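Heads up, the thing below is written out as structure tokens.
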Amino acid sequence: MNTERLFLAIALPECVRDSLTERVRPAAERAERVRWVRSENLHMTLKFLGEVTGERRTVIVEVMERVVTGSAPFPVTVSGVRIVRRRGRPHMVWGVLADPNDSLRQLHEKTECLLAHSGFDRERRPLAPHVTLARVRQGIAAWEAEQLESWVAALEDSEAMEFTVESVALMRSELRPGGAEYTVCRRFPLRNT
């Protein structure tokens, strides 16, 4: 049975992706045990769906058409960068998204609810809106971890970047030796009607 590895995502405008990539460049040039996400792959995962058959993909499309109906475009802000730790060591670097009108949380909850009614598992963890900027590999040296900490601290006063969420994308992820490759399968424009 053929399956595709799918997820639902909020795409970032090119100018926001470019700005984030430019901000990480100083750290990316020196951090060897950190795998930085390519600019074209920067996004916010709304829901990871996993391996999905063609039949289940049709269900996802039908559900998402219902999710976006009555959901108007809304602003979010990339409001900072933070290091996520696992067992005390750096694990990931996130661009944190602020949701000033609670619209992102509402969209996420509507997505989870309607997909659960169609047989998909609900995410057990609470929503933590973010853009993954990097994954930290095992065995990072102490000096490299310190450098990462310094870089994040230097970004604390960076200007926030606001953008408008206008659609949700159904994305396919293909794991390759050089990293994941993402393809937009379908876009669902938010529409307040």
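Remarks
- Taking Cα centre as origin and charging only the Cβ of basic (Lys, Arg, +1) and acidic (Asp, Glu, -1) residues, the dipole magnitude of the chain rounds to 680 debye.
- Whole-Å semi-axes of the ellipsoid equivalent to region 3-52 (Cα gyration tensor, √5λ, descending): 25, 15, 7
- Loop GluC sites (Glu not before Pro), region 107-140, which have at most 16 other Cβ atoms in a 10 Å radius of their Cβ (DSSP): 123
- Translational diffusion of region 78-123 was estimated from the Stokes-Einstein equation, with Rh taken as the Kirkwood radius over Cα pairs; at 37 °C and 0.692 mPa s the coefficient is 254 µm²/s.
- Theoretical FRET efficiency, 1/(1+(r/R0)^6), r = Cβ-Cβ of residue 86 and residue 5, R0 22 Å, to 0.05: 0.45
- For region 37-51 and region 135-179, distance of Cα centres in Å: 12 Å
- Simple spin-label estimate for residue 58 and residue 35 in nanometres, 7 Å along Cα-Cβ: 3.5 nm
- Relative intensity, log₁₀ I(q)/I(0), of region 21-119 from a Debye sum that treats every alpha carbon as a point, q = 0.23, 0.25 Å⁻¹: -1.22, -1.31
- Percentage of interatomic Cα-Cα distances in the chain larger than 22 Å: 50 percent
- Of all the options 94, 36, 151, the one that moves most in a Gaussian network model of the chain with Cα springs shorter than 10 angstrom is 151.
- Reference-scaled alpha-carbon Rg (2.2 N^0.38 Å with N residues) for region 128-193: 1.61
No value in this document is a laboratory result; all are computed from the given coordinates. Small disclaimer: the values here were computed from a predicted structure and weren't measured. Positions of Cβ are generated from backbone atoms using ideal geometry, with glycine treated the same way; all protein chains shown enter the neighbour counts.
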